[in-house]
Amino acid sequence: MEEYNLDRLTSQEISQLWGTYMGDSAQACLLSYFLHITKDESIKIIVQDAYQGALEHLEIISALFKEESYPIPFGFSLDNDVTSSSNSELFSDDFILEFLHQFGRVGMRSHAVNLSLAVRKDTTDLFEKCLSDSIRLYNLAKNALIVKGLYIHSPFLEPAESADFIEEQGFLTGIFGDRRPLLSTEVTNLYANFQRNALGASVMLGFSQVAKSKEISKHFIRGKEIAEKHCEIFSAFLKQDHLPAGLYWDSQVTDTTEYIFSDKLMMYVAGSLTAMGIGFYGLGLGASMRRDIAAAYNRLLMEVQLYAEDGMNIMIKHKWLESPPKAVRHR
């Protein structure tokens, strides 16, 4: 049996480095465009900070892969996947700021996982930096939203008179019989999933307008419709307890149809958003103790998984789906 060698990258380190490289190469393309069109200087500073961080991550990961003789992922590039000549504004400054806010929030979650899987000092240092960069981005974007009066907070709950325990099986009902009020954990996930879908629907709307392929444009329109339908479902649960759901962002997408991003890049971003949605739905399902909410998450998960599969088939058809590192079978 081969002796375990700490000098080598583990499979979990390789997988997280590869995923981070792919994500940051795509994000660098998006951020370079945001940097080009953003008018508000206070937002532009935040975009620049995020863009610089993504480039630094790519440089470090490239060096690690070279050192270990692993191929550097093809990923995405400014030359191939985004035009720097376009002055057409697909998204408003306010939309870009909210996108950065959500981007920072997701980065904190993903890089915390990456850090927990790191073994070597160099990968640990990298993911500590990635996590620190995500925390800084989240705080910068959140504070800017608050200053501009654009921050959308989750619902407030009235405090209970005292702590209590669950004493009846009816606590779990929801499909039949009386429905108990939502738990704070259920409110948190329903509201957050509404927010992510509302933003995602607008991203899909924008992508559908600038996609070159009609097939891919239709795929984005379908994604938008799915996201909007899911928003309605999450909103309905919240409204049953007279709680607000959130805002849609469609008005922050312009009607431009000018070429901005490659279809390949937009399909990857759409696929990443869909994959994150599946993960967050899983969290929502695990935190839901009412049967009707759990049933809704299961139903929505199936719909999103089918959409994700269709997206991967489109990418495979066009030879855009890059394979992660895999095990080598020895005969």
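The values are calculated or read from the model by the stated rules, or taken from the named source; none is laboratory data. The model shown is predicted, which means the values in this text are computed figures rather than measured ones. Please note: Cβ atoms are built from the backbone with ideal geometry, for glycine as well, and neighbour counts cover all protein chains shown. The protein model used for the area step is the full one, side chains on, heavy atoms only, and it has no ligands, DNA or RNA in it. Shrake-Rupley method; radii C 1.70, N 1.55, O 1.52, S 1.80 Å.
What to note about this one:
- Flagged links, alpha-carbon separation over 28 Å, of LYS66/LYS129; LYS129/LYS212; LYS66/LYS121; LYS44/LYS218; LYS224/LYS317: LYS129/LYS212; LYS44/LYS218
- Listed residues LEU285, SER213, SER162: farthest to the positive end of the dipole of the chain (Cβ charges): SER213
- Loop-exposed chymotrypsin sites (Phe, Trp or Tyr not before Pro) per DSSP, neighbour cap 13 Cβ within 10 angstrom, longest uninterrupted part of the chain: 177-331
- Cα principal axis extents for segment 227-331, largest first, Å: 57, 48, 17
- Annotation note: GluC sites (Glu not before Pro) in segment 182-289 located in DSSP loop regions with a Cβ neighbour count of at most 14 within 10 Å are GLU258.
- Cα-based helix-to-principal-axis angle, 263-286 vs the chain, degrees rounded to 10: 40 degrees
- Built amide H within the under 5 Å cut-off of PHE91, gap 5+: THR254
- Contact order relative to length of the chain, as percent, for alpha carbon pairs under 8 angstrom and 6 or more apart: 20 percent
- Amide H contacts for VAL82 (H built 1.01 Å from N in the peptide plane; partners 5 or more residues away or on another chain; cut-off under 5 Å): SER262.
- Surface share of carbon and sulfur [accessible, 1.4 angstrom probe, percent] for the chain: 56 percent
- Only Lys, Arg, Asp and Glu carry charge here, each on its Cβ (+1 for the first two, -1 for the last two); on that basis segment 1-126 has a dipole of about 180 debye about its Cα centre.
- Dipole size of segment 217-304 about its Cα centre, with +1 on Lys/Arg Cβ and -1 on Asp/Glu Cβ: approximately 340 debye, rounded to the nearest 20.
- Dipole axis of segment 230-311 (+1 Lys, Arg; -1 Asp, Glu on Cβ), positive-most option in LEU247, ALA296, MET266: ALA296
- Cβ-based net charge around MET276, under 11 Å, with every Lys or Arg adding one and every Asp or Glu removing one: +3
- Cα gyration tensor, segment 91-167 - rounded (a/c under 1.5), prolate or oblate: oblate
- Residue-normalised accessible area of the chain, given per residue in Å² at a 1.4 Å probe: 53 Å²
- Candidate cross-link partners of LYS148 among the aspartates and glutamates, defined by an alpha-carbon separation under 18 Å and a same-chain spacing of 8 or more, comprise ASP40, GLU41, ASP93, ASP94, GLU98.
- Local net charge near ASP241, Cβ-Cβ under 12 Å (Lys/Arg +1, Asp/Glu -1): +2
- The dipole here belongs to the chain: it is taken about the Cα centre, uses +1 on the Cβ of Lys and Arg and -1 on the Cβ of Asp and Glu, and is about 720 debye.
- Degrees separating the helix 121-147 axis from the principal Cα axis of the chain, which is the longest one: 50 degrees
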